[in-house]
Amino acid sequence: MAKIPAYILINVDVGKIADVFRHLIEIPQTTHVSVTAGEFDIILRVVVNDLEELFLITEKIHEIEGILKTVTHVVEKEVTKGEV
């Protein structure tokens, strides 16, 4: 069965980005953690086996001190440049 990638967009409390970043990078399903400018402070990319695993990761993320809000986007199709 194919793996399911997802992007989790995260708002973080002021002064907590570095601490949150350190927690997110430790999640085994994490492939990328990006600190961004704009509406969200961090964009996390994870790859999971099923939606239940994604749910559990999201629940774990909500336990991290400094997380204010998350928005999750499941990827339906993704192509890496050069694979087209």
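The values are calculated or read from the model by the stated rules, or taken from the named source; none is laboratory data. Because the structure is predicted, anything quoted here is derived from the model rather than measured. So basically every Cβ, Gly included, is an ideal-geometry build from the backbone, and we count neighbours across all protein chains shown.
Descriptive notes on the structure:
- Residue in the range 15-37 that is surrounded by 12 or more Cβ atoms within 10 Å (Cβ to Cβ), basic (Lys, Arg) and over 12 Å from the mean Cα position of the chain (by Cα) present: yes
- Only listed residue being closer than 14 Å to Ala6 by Cβ, in contact with a Leu (Cβ under 9 Å, 6 or more places away or on another chain) and not polar (S, T, N, Q), chosen from Leu24, Leu51: Leu24
- For the range 37-52, the candidate set comprises residues that are touching a residue at least 40 places away in the same chain (Cβ under 8 Å) and not hydrophobic (A, V, I, L, M, F, W, C); within that set, the residue that is nearest to Ile27 (Cα to Cα) is Arg45.
- Considering only residues in the range 53-84 that are among the hydrophobic types (A, V, I, L, M, F, W, C) and farther than 18 Å from Gln29 by Cα, the one that is modelled with the lowest pLDDT turns out to be Val84.
- Residues of the range 71-84 that turn out to be in contact (Cβ under 8 Å) with a residue 60 or more places away in the chain and either over 18 Å from Ile4 (Cα atoms) or among the aliphatic types (A, V, I, L, M) (or both), as a count: 3
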